[in-house]
Amino acid sequence: MSPKPDRTNAAIWFLDTEEATVPRFYVLLGFIASVTVLAALWSRFFQRGPLEWLMARATGITRRIQ
């Protein structure tokens, strides 16, 4: 039986940037670029965002109750 992985150590390893080979600025630019691309793709294929869809469903249900 293998031991369970320690999630705390994994999170520390993932968030540790002292030994990173890529500068933090490039990581930030990568996050910004990926979010921008995801938003552009989402708006091309879907009319609403996931929270907008959820709120429309919630308000639609309340209209039927009254």
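Of all residues in the stretch 41-66, those being charged (D, E, K, R) and surrounded by 11 or more Cβ atoms within 10 Å (Cβ to Cβ) number 2. Take the stretch 9-40 and flag every residue that is open to solvent by less than 100 Å² (accessible area, probe 1.4 Å), modelled with pLDDT of 85 or more and hydroxyl-bearing (Ser, Thr, Tyr). Of everything in the stretch 9-40, those that are open to solvent by less than 100 Å² (accessible area, probe 1.4 Å), modelled with pLDDT of 85 or more and hydroxyl-bearing (Ser, Thr, Tyr) turn out to be SER34, THR36.
The values are calculated or read from the model by the stated rules, or taken from the named source; none is laboratory data. As the structure is a computational prediction, the values presented were derived from the model and not from experiment. Backbone-built Cβ (ideal geometry, glycine too); neighbour counts: all protein chains shown. Each accessible area value is taken on the protein alone, full model and side chains, heavy atoms only, with ligands, DNA and RNA left out. Shrake-Rupley method; radii C 1.70, N 1.55, O 1.52, S 1.80 Å.
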